[in-house]
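The values are calculated or read from the model by the stated rules, or taken from the named source; none is laboratory data. Since the model is a prediction, treat every value here as computed from it, not as a measurement. FYI the Cβ positions are ideal-geometry reconstructions off the backbone, even for glycines, and counts take in every protein chain you see.
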Amino acid sequence: MYDNHTTERQQGIEPAQMQDNGDSDVIDVRAFLLVLWRRKWIIFNVALITIVMSAIVVFQLTPRYTAKAMLAIETRQNRVVDLEAVMSGLGTDQAAIKTEIDVLQSRRLVGKLVDDVNLVNDPEFNAELREGRGFLQAINPFTYLPDEWSAAIFGRRKAEQSPEEAAQATRARVVDQLLSQMTVANPPRSYTLEVAVESADPKKAAKIANGLANLYLTDQLEVKFEATERANEWLNERVFELREKVRLAEQEAQQFREENQLIQTQSAGLVNDQQLAQLNTQLVTARTDLARIEARERQIEQNIVDGTVEESGLLEVVQSPLIQRLKEQESEVRRRRAELATRYGPKHPRMMNVEAELADVRTKISLEIDKIVAGIRGEAEVAAIRVTTLEQNLEALKQESFKNSRAQVRMRELDREAEANRLLLQTFLTRFKETSSSDGMQQADARIISKADVPVYASFPKKRIIMVVAAVIGLGAGVALAFLMESLDNGYRSPEHLKQDLNLRPLGMIPLVGKAVLQSGGPEKYIISKPSSSFAEAHRSIHASLMFSGAGGATPKVLAVTSSIPGEGKSTATLCLAHILGRTGLKILVVEADMRRPVLRKRLGLEKGSFVSLNDVLSREPIPAGLSIYADDVSGIHVLWTDKEENPQKRFAAPEFQSFLSEARKQYDLVLIDTPPIMAVSDA
């Protein structure tokens, strides 16, 4: 049974019981809908308040327009000449694209844009120039604080600044404001950069977006021109330094060559080396000739010892014309001697003359052979002297070559240094000419593919979307609040819920009565005037349940009605149940056992001392004469009211109370005891 003064307790199912108690969790849609229906006004009011507040804020906001310009990063570089640029083109990886986004959002570039468009004098970007307060500023309480209080609370103190510092600070704030109103994004899988600028003026938004895109391209060219100019200056200085180094290195090499007499020929070799090679060749030839001549000399000496010089067939002897003529004469003399020998004897004068002529020829041949042998011996001596001389000259050249070799080590070092300086100078000269020739051919690494047009529709606020979202949020918040209130409501809305939580069989449910019923005399008056209402029928159902609640199906004789805390309607429920049962002809006694906060005397309009009270019955003194139990004229029930007691527990524990209950069971069909709240006091 429920208190009829508690308006939130109506028949239904609590959200905690919206799931089946079976093995599987099944959402009870009907229970959800019942909760929403019960709390429909909460949901409606929350949604309405959210929509109204959102509409107030949205329509107070200044419309803002977004203009977008698109840039494309060049992945292919067009070169007029095949020269390597001082600054190479942009990369196409994510890091390079992110770097360009950072460049577009850099304070340096945005600061140039602020100066070009003169945004310092624009109230939209310079808050110091704005007049009046907006709606949001008007409702912000911190804007009404004095500067001293704001400085003390937020720690923002304005330091003394010179005019230049103040202007720089103002420009910095304008740059911050512009950065907050612009975005640079890179669409996925593309090399494009999207520059979006938001402003209250659509023309201004387009102008700023296009200005930033143009400044970005101009900045790229300026960076390249500056890099080229710096490269040219640096290369020019390096070329001058390298020229001086080459000159000094060549002078040092030439001076060292002259000091060490390192004379080179056209064949890129030193004269000493060539002389050494020639002398070595001559020495080999001379030694060969010496060996050959010595061999001939030894052969001749051996022939002389053997006496066979003439018959040895010596080449010089054989080839000598004089010896050949003498040989011919000898042959002629021999032929004549042979002829004369046939006719004359050895002693013949003619024979003797021939013999003398033959001896003379032989003597001449021997003399000529001796001369040839002497010549060969002299040639051998000359060859030996030549070999000795060549060996001495070769040794001297070797010593000089060793000296030159040691000097050449330093010479080669000087030559290498000079050559390295020459190559470096040539490289820098070539690079200097390339950078000088490409000075006017620089191209930006990006291009504008779409200029920002003047936007027609405002990008903020999107009123329709915001209102729809506000409605959805309001409905969601209302539903959440409804379920929150439902979860905080710890009352019972169904017998099943009561049985599940308390493991008790409920007797029934009493419907809620309206406020008009409460104002017309209370539920106990209503149940008497409307005995056929659903409210009265609910109490009959409770009585029907009571008839079978006793042991063995017996009807209970004494029933205690209580509640958890005061004000839940136990006294009202007791009176209503008593009235409806009294109308059926049952003899009913209502006993008010709440001696701490009794209410029945005032609700029934009884005068104190006009009717018997529970205090009189439980006292050991006799009941005053002329007093009787109060009986209702319509329903016929008896009511035993009570008055306040300091120690109610003593009264209920006394034998008089037990005797009273025993006597009441005999005289009445049902005794209803209105007990104190269980959780408030221990009397019950």
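Miscellaneous remarks
- Annotation for segment 330-352: no member residue is part of a loop (DSSP other than H, G, I, E, B) and either under 60 Å from the mean Cα position of the chain (by Cα) or within 30 Å of Glu294 (Cα to Cα) (or both).
- Of the criteria (1) without any contact (Cβ under 8 Å) to a residue 12 or more places away in the chain; (2) under 14 Å from Ala560 (Cβ atoms), which one Leu589 fails: (1)
- Matching option when the condition is of a type in the set (A, V, I, L, M) and surrounded by 18 or more Cβ atoms within 10 Å (Cβ to Cβ), among Ile623, Ile588: Ile588
- Whichever residue in segment 33-62 is among the aromatic types (Phe, Trp, Tyr) and within 18 Å of Val479 (Cα to Cα) and, among such residues, is surrounded by the most Cβ atoms within 10 Å (Cβ to Cβ): Phe44
- Helices (runs of 4 or more DSSP H) lying entirely in segment 466-577 (those with 3 or more residues that are surrounded by fewer than 19 Cβ atoms within 10 Å (Cβ to Cβ)): 495-502, 515-519, 534-547
- Residue in segment 364-380 that is out of contact with any Leu (no Cβ under 7 Å at 6 or more places or on another chain), of a type outside the set (Gly, Ala, Ser) and modelled with pLDDT of 80 or more present: no
- Among the residues of segment 447-465, those identified as surrounded by fewer than 14 Cβ atoms within 10 Å (Cβ to Cβ) and within 16 Å of Met53 (Cα to Cα) are Lys462, Arg464, Ile465.
- Inspection of segment 429-449 identifies at least one residue that is modelled with pLDDT of 75 or more, under 60 Å from the mean Cα position of the chain (by Cα) and of a type in the set (D, E, K, R).
- Odd one out for Val197, checked against (1) farther than 20 Å from Ala67 by Cβ; (2) at pLDDT 85 or above: (1)
- Scanning segment 626-647 for residues that are touching a helix residue (DSSP H, G or I) at 6+ places or on another chain (Cβ under 7 Å), in a strand (DSSP E or B) and of a type outside the set (Phe, Trp, Tyr), we see that the one that is surrounded by the most Cβ atoms within 10 Å (Cβ to Cβ) is Val639.
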